[in-house]
Amino acid sequence: MKVYNHLYHNKQKFDIFLNGTGIDRSKQALIRIHSSVHTAEEMSNLAGEISKLLPNARIIGCSTPGVILDGKIISDACLVSITLFDKCEVESLFIDKSKNDKQLCADISEKLIKGRSGFLLVFLPAGFTRGIMLADLITKKAPGVKILGGAAGYKAKKSRSYVLEGSNTSEKAVSAAFISSDSLFVYENFVCGADSSGKSCTVTKSRKCCLEKIDGVSGAKWYSEFLDKTELENDPELSVLFPIIWEDGIQIPYFVKYEHKKEERLELSCELPSGSAIYSGYFNPQKTLGEMRTVYQELKQAPSELLYAYDCQSRMIVMHSCAKWEAEQFTATNISGALLSGELVWRDGRNYFANFTFAAASLSENENAHIPLRSRDFSDSSAIRQNNVKAVNYLLASGNRQLNEQLENQQNKIKNSLLRNEALGLDNQFCYLCERENIHLNKIALYVLNNEKMVKLFVGRREIFEELKKVYGNVTEKLNEMGIVHIYSYETSSLLIAAEDNIGTDRFEKIAEDTLKYLNSISLNDVQLSYQCAVVEDKNEPLHKAETALQYGSEHNIPFVKYGRIADSIMDKTEKIHILQVIRDALSEERVVPYFQGIYDNAEKCFGLYESLMRIADKSGKIYFPDQFLPVAKKYNLYELLSVVMVKKVMKMFIDSDIKVTINLNVRDIYDREMIKVIFRYLNKAAHPENFIFELVESEEVTDYQYIKEFADRIHEKNAKIAIDDFGSGFSNLMHIIRIDADFLKIDGEIIRSICDDEKCMQFVGIITSWCSNQKKQVIAEFVENEKIQSIIEEMGIRYSQGYYFSKPGPWETAAVQ
């Protein structure tokens, strides 16, 4: 089972994508298409074109205001997700909405499920109100079949929404696909965070979506007594924050449409039958964390080859930071999906229809396959708290109706919390979006903190915001003096400045560039801030274009990018797409392959230790080398996952061995919590921890040698060893070497290659060798390629030689024989 995800732009790029994946186009496939940029007619044409390219594919999907891909929620995009199966069969169905619930359920059950086990995807028309009954009927008719999907999403008007099956689109139909196999493993659950804030009540009378009576009282009166009628009349949007909760144990939320003019009834987003037990509710950030922790841990244990996910578009609007945070937990996986206007979800043996949920499902045909998920800290709710504080504040304020002053300020609190980043003391990007049209902001400069992870590590996860608040305060003061008064936060820690027409292009670009220089001149706890900036002068999708420019700058190592000057050339991405899929397959299917190169002991005249080197293999067994896959892995945040798998494999291989082996660690590896846990867990179990030698490879600027020293000290406490790799190119300060107290120094290969012809290189190696001898440290000469170099190495008294003269990297079986 494989999934290939693509953001569709045009047919040319889609052809490049297909060629890059190497997909067998005759194979059966399921294609999900979700788009916020195509009308129903355009989607029908697009699906028709794709079906010509992949004739045996079943196609379903729907409209959406945004797609989920690579741990991000992307607006104004079209996702084409292709799933290929080895054992499963796929069938799809297009059903007229006019059928009643029983007929609809019967069609799905009899024409699609047919009594088989499997997984069901269903997309309903926007505004579908009978989701509760449909989910319940399917659970009863096909017990054990999990459903994922929901009601089509839409950007502005429901009338422009649609569902898709094959090349058929309709505003009023239902599309479904069933993946069937006796060997299909499915895990599904959802995150919501809905919590009750009052006692249980009973719906005593309902009609369609209207709750006419609750505990014998009119629905509108019951709700207004909970939230205060006056406040609801002043701010009807309060109802968005306080859903109706159904089902005591599961706590499913539903959107409330409150209109004070309709004093008798309370309208919901779906039909809730009479006799239902309900609660007034709100969204609890701690509960959201707990549910995400559960889903994440269960997913780590479940067989999984791919992840499908659907989030509620209302959740994205009302709780943007929370929705974004939830998707980010799955960065570096193959997760894909879309925003919907109502969700079909599964938990504890039953299907439900809900609002405000983030639903995820993993599928696998292989019981032993697992999508690698990084360890996450789910104890800190700061990332999601700002979306919930307005509801919690309201509940606290409304606890005493005599506190009139609190109630008078409530409306302002609600609005401010939506448009303000209190942690940074700035209005946020949503405030920018509100103000952009009103005051004609036509230029922006977006600043992103590239080394945020490292700064958080050394400054502190909370302290960083206090420090950045001061920095951005200084920026605000400087910009105000220059006439730039529109300054906002962007996402959690970045900065956005905007200007009106009265600021000329050249002047704005100069101000933006000077601001970048200022930001990059600042150090926090000896960590230099590293920002990148993109400037856009365009009223059409400026944030999207700024993000595109930032990505371009990252790829080309340009810290200051002007969107208008980016070359309009299409880079051939075929090989990159292919390598990305190979990496993901290698992670999920255990195809990270350790190679080993023998290191010759010149004193003992034999191989004294072995360096472990990372390779990955594709399905055919073809081996890929680091220069082929590491740039792509780092770009898509997969490097750390690969590195952890590699270290696990090597340490497990030699945990009971008396063979000495070296393991490469990039500086960024020792900042990674998961890596640290793995290393010390295996060292605690190792029969001979002294045989593990950790090579510190400096591939980026080292900003805190004290942290590296502390890591080395912990390694030495376990009796393991430290080596400095490529000495002479990176860790060139001897004081740092002394403090780190490395046991081995590996002299950079370029220097060793030159010792036959370059007297300075010879002198440098001699000085280092002499110093290491006095300090009881061992030297390893890299790139020993011929007898002439080896003779000089032996004459200089260097203990170890490594290079093709003695050994080429290969699997352990080959290295051991050498």
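The values are calculated or read from the model by the stated rules, or taken from the named source; none is laboratory data. Because the structure is predicted, anything quoted here is derived from the model rather than measured. Cβ sites come from the backbone with ideal geometry, for glycine too, and all protein chains shown count toward neighbours. Surface areas here come from the heavy atoms of the whole protein model, side chains and all, with no ligands, DNA or RNA. Shrake-Rupley method; radii C 1.70, N 1.55, O 1.52, S 1.80 Å.
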Of the residues in the range 737-755, those that are over 30 Å from F654 (Cα atoms) and modelled with pLDDT under 90 number 4
Within the set of pairs 6+ apart or on separate chains, which have a first residue in the range 239-254 that is over 18 Å from F128 (Cα atoms) and open to solvent by 10 Å² or more (accessible area, probe 1.4 Å), a second that is modelled with pLDDT under 80 and not in a strand (DSSP E or B), and C-beta atoms under 8 Å apart?
V240/V318; L241/V318; L241/K390; L241/A391; L241/Y394; L241/I414
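Can you find, within the range 583-618, the residue that is modelled with the lowest pLDDT among those that are in a loop (DSSP other than H, G, I, E, B) and farther than 22 Å from E785 by Cβ? Steps first, please.
Going residue by residue through the range 583-618, those that are in a loop (DSSP other than H, G, I, E, B) are 589-591, 602-605, 618.
Subsequent filtering for residues that are farther than 22 Å from E785 by Cβ retains 589-591, 618.
Values: E589: 82, E590: 85, R591: 92, D618: 90.
Checked the range 583-618; the qualifying residue modelled with the lowest pLDDT is E589.
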In the range 659-669, is there at least one residue being in contact with a Phe, Trp or Tyr (Cβ under 8 Å, 6 or more places away or on another chain), assigned to a helix (DSSP H, G or I) and charged (D, E, K, R)?
yes
Could you check how many residues of the range 670-709 are in a helix (DSSP H, G or I), modelled with pLDDT of 90 or more and either open to solvent by 60 Å² or more (accessible area, probe 1.4 Å) or out of contact with any Leu (no Cβ under 7 Å at 6 or more places or on another chain) (or both)?
13
State yes or no: is A498 at pLDDT 90 or above, within 26 Å of Y552 (Cα to Cα), surrounded by 15 or more Cβ atoms within 10 Å (Cβ to Cβ) and touching a His at 6+ places or on another chain (Cβ under 8 Å)?
yes
Could you tell me how many of the residues in the range 645-658 are without any contact (Cβ under 8 Å) to a residue 40 or more places away in the chain and either part of a helix (DSSP H, G or I) or of a type in the set (D, E) (or both)?
5
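Going through L516, L496 one at a time, which residue ends up being in contact with a Leu (Cβ under 6 Å, 6 or more places away or on another chain) and either outside any helix (DSSP H, G or I) or touching a residue at least 60 places away in the same chain (Cβ under 8 Å) (or both)?
On the way: L516 fails: in contact with a Leu (Cβ under 6 Å, 6 or more places away or on another chain).
From the options L516, L496, the qualifying one is L496.
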Residue match in the range 524-544 (condition: modelled with pLDDT of 80 or more and among the basic types (K, R))
no
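Can you say whether F178 is of a type in the set (F, W, Y) and at pLDDT 90 or above, as far as the supplied structure shows? Walk me through it before giving the result.
Working: of a type in the set (F, W, Y): yes; at pLDDT 90 or above: yes.
Yes, satisfied.
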Before we move on, is V186 under 26 Å from R116 (Cβ atoms) and modelled with pLDDT of 90 or more?
yes
Search result, residues across the range 149-173 that are crowded, with 24+ Cβ neighbours inside 10 Å and under 14 Å from L104 (Cβ atoms):
G149, A151, V163
Go over the candidates V644, V592, V632 one by one and state the one that is buried (at least 17 other Cβ atoms within 10 Å of the Cβ), aliphatic (A, V, I, L, M) and touching a strand residue (DSSP E or B) at 6+ places or on another chain (Cβ under 6 Å).
V592
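Any idea which of K102, K87 is in contact (Cβ under 8 Å) with a residue 12 or more places away in the chain, under 24 Å from A309 (Cβ atoms) and either open to solvent by 30 Å² or more (accessible area, probe 1.4 Å) or β-branched (V, I, T) (or both)? Show your work before the answer.
On the way: K102 fails: under 24 Å from A309 (Cβ atoms).
Only one candidate passes the filter, namely K87.
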Of all residues in the range 753-797 being of a type in the set (V, I, T) and farther than 18 Å from I722 by Cα, the one that is nearest to the chain's Cα centre (by Cα)
V784
Regarding T129, is this residue of a type in the set (S, T, N, Q), open to solvent by 10 Å² or more (accessible area, probe 1.4 Å) and touching a Leu at 6+ places or on another chain (Cβ under 9 Å)?
yes
Does the range 341-362 hold any residues that are farther than 18 Å from I244 by Cα and either touching a Ser or Thr at 6+ places or on another chain (Cβ under 7 Å) or open to solvent by 10 Å² or more (accessible area, probe 1.4 Å) (or both), and which are they?
W346, R347, D348, G349, R350, N351, S362
Select from the range 289-303 the residues that are of a type in the set (S, T, Y) and either within 17 Å of the chain's Cα centre (by Cα) or modelled with pLDDT under 85 (or both) and list them in ascending order.
Y296
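Any residue at all in the range 529-543 that's open to solvent by 60 Å² or more (accessible area, probe 1.4 Å), part of a helix (DSSP H, G or I) and free of Cβ contacts under 8 Å to residues at least 40 places away in the same chain? Don't jump to the end; show me each part of the working.
Taking the range 529-543 and keeping what is open to solvent by 60 Å² or more (accessible area, probe 1.4 Å), we get 537, 539-541.
Of the ones still in play, those that are also part of a helix (DSSP H, G or I) are none.
Scanning the range 529-543, I find no residue that is open to solvent by 60 Å² or more (accessible area, probe 1.4 Å), part of a helix (DSSP H, G or I) and free of Cβ contacts under 8 Å to residues at least 40 places away in the same chain, so the answer is no.
From the list R25, R32, R58, which one is open to solvent by 30 Å² or more (accessible area, probe 1.4 Å) and at pLDDT 95 or above?
Checking each option against the conditions leaves just R58.
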Can you name the residue in the range 452-470 that is modelled with pLDDT of 85 or more and surrounded by fewer than 18 Cβ atoms within 10 Å (Cβ to Cβ) and, of all such residues, is nearest to D669 (Cα to Cα)?
E463
Could you count how many residues in the range 519-528 are touching a Leu at 6+ places or on another chain (Cβ under 7 Å) and open to solvent by less than 40 Å² (accessible area, probe 1.4 Å)?
2
When the range 797-818 is checked residue by residue, the ones that are modelled with pLDDT under 95, among the aliphatic types (A, V, I, L, M) and open to solvent by less than 80 Å² (accessible area, probe 1.4 Å) are A815, A816
Go through the range 599-614 and report how many residues are surrounded by fewer than 23 Cβ atoms within 10 Å (Cβ to Cβ), in contact (Cβ under 8 Å) with a residue 60 or more places away in the chain and either small (G, A, S) or over 14 Å from I693 (Cα atoms) (or both).
5
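Condition test on A383, is it in contact with a helix residue (DSSP H, G or I) (Cβ under 6 Å, 6 or more places away or on another chain), open to solvent by 20 Å² or more (accessible area, probe 1.4 Å) and either farther than 28 Å from V145 by Cα or at pLDDT below 85 (or both)? Lay out the reasoning, then the answer.
Working: in contact with a helix residue (DSSP H, G or I) (Cβ under 6 Å, 6 or more places away or on another chain): yes; open to solvent by 20 Å² or more (accessible area, probe 1.4 Å): yes; either farther than 28 Å from V145 by Cα or at pLDDT below 85 (or both): yes.
For A383, the condition - in contact with a helix residue (DSSP H, G or I) (Cβ under 6 Å, 6 or more places away or on another chain), open to solvent by 20 Å² or more (accessible area, probe 1.4 Å) and either farther than 28 Å from V145 by Cα or at pLDDT below 85 (or both) - is met.
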Specify the residue that is farthest from the chain's Cα centre (by Cα); the eligible residues are those in the range 61-76 that are open to solvent by less than 10 Å² (accessible area, probe 1.4 Å) and of a type in the set (A, V, I, L, M).
V67
